[in-house]
Each structure stands twice: as C-alpha cells, then as structure tokens.
C-alpha cells in the first residue's frame, strides 16, 4: 500500500527560510558537489573551453538549454507531488534524463547525500532521490518557498561549475566571479519560466556537453568524478 508523504506543518519552519536554503545549498553542505564538473573537465581537456568567454558561453547554454532549466522543472514538480507514486515517477524521469553513467552518478550520489543529511537534521522522511528531486521534496516538507528554493538551487549549480572552472581552465578568481555575477538575472529568468512548465516541457540541446560527459568516463587524467 502506498503511504502518503508527510506534509509540512506550520511548526516546522522556525528559522528564516532563506537561511535554511543558504545552508542546504552552500559548499559546506555535505553533498560532495565539489567533486563533479558536469563534463566540464573533458571540455577543457579537448580545448572547447579554454578561457572566460568560452566558459561563460558553456555555462549559459547549460543553464538555459540543459540540466539547469530541466532540474528546476523537476524540483518544482517534486515540490508539488501529492503522493509517493508521483514522486517516484518524477525521480525515474530524472534518472532517465542523465546522458551518461557519470552524470547519473552525479545526481544520484548528491541526492543520497542530501537526503541523508536533511533527514537527520530536520527529522523528515525522505527516500533516496536524485538531487533536484530531493531538494524539491525537502523544501515542500519544510514549508520553504518554492521560487526561492529554485533560484538558490540554480545559483548553487552555477556556482559549483564556476568553482570547477576556476581550477580547470584555469580562471582567475575575479574573472570567475564576474561570470557568476552575470548568471544572477539568468537564474531569475530561467526559474520564472521553468516554474510554469509541465514535465513534458523538459528538453535538452546541449549535445556537445553530453558527449563530453561520456568521454570523461575514459579520460586518462581526472580531478573530478564527472
């Protein structure tokens, strides 16, 4: 028999929700995001990403036309899911969207780590889920605002990739932060659009990045797990 997911109560949120989200999506939260480059390492190895301009273009494409927007749509639908069956279907779709074994590892392992920590510190019940789905469901259970959750999630995604680029390209810290600053209005725009979209709107046209994530699996020298 399917057990309904425990719904949030007004007593759960005793801290400013932005502070909770800042903790969840900070580099200090133990999901291991610093070990993943989303295929960027292979693109740097091939010379496709070699400077600030090429990294900025890749990051923008990834956010608009790849995992960035798709993850926000998945997060929003996980937030709105009314039962376990629906949540499992969303999570199965998230797994199927991974274009390579390493990208699947990236979302599954971060999701498991997030679930483990969030369940322990907030005393909430969460199954193992892919990362965006886990964050969306946890935000619902903690009664956190969806739009803020999505914006901070997407910005954290951009920040992690910028951190990877700082080491891989390499970029100077000021150059890297300039690229990240430019993503702020992009995060707002993508989230405003993605939160209105059905699951059927999920699509990706970042084929070069997807192929790079496959090539990374056999790359000889690697700093990152994806």
Within 10 Å, count the other beta carbons around each residue, average over each peptide in 145-158, 41-54, 74-87, 190-203, and list them highest first. 145-158, 74-87, 41-54, 190-203
At what distance in angstrom do the alpha carbon centres of the range 186-210 and the range 13-75 lie from each other? 14 Å
Please say if the range 39-216 is rounded, prolate or oblate, where rounded means a/c under 1.5 for a ≥ b ≥ c the square roots of the C-alpha gyration tensor eigenvalues, and otherwise the choice is prolate for a/b larger than b/c and oblate otherwise? prolate
At 222 nm, what value in deg cm²/dmol follows for the chain if DSSP H runs of at least 4 each add -39500 (n - 2.57) and the sum is divided by all its residues, to the nearest 500? -20000 deg cm²/dmol
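Bear in mind these aren't lab numbers, they're just calculated from the coordinates by the rules spelled out. From a predicted model like this one, the values you see are computed outputs, not experimental measurements. Here the Cβ is made from the backbone with ideal geometry for all residues, glycine too, and neighbour counts use every protein chain on show.
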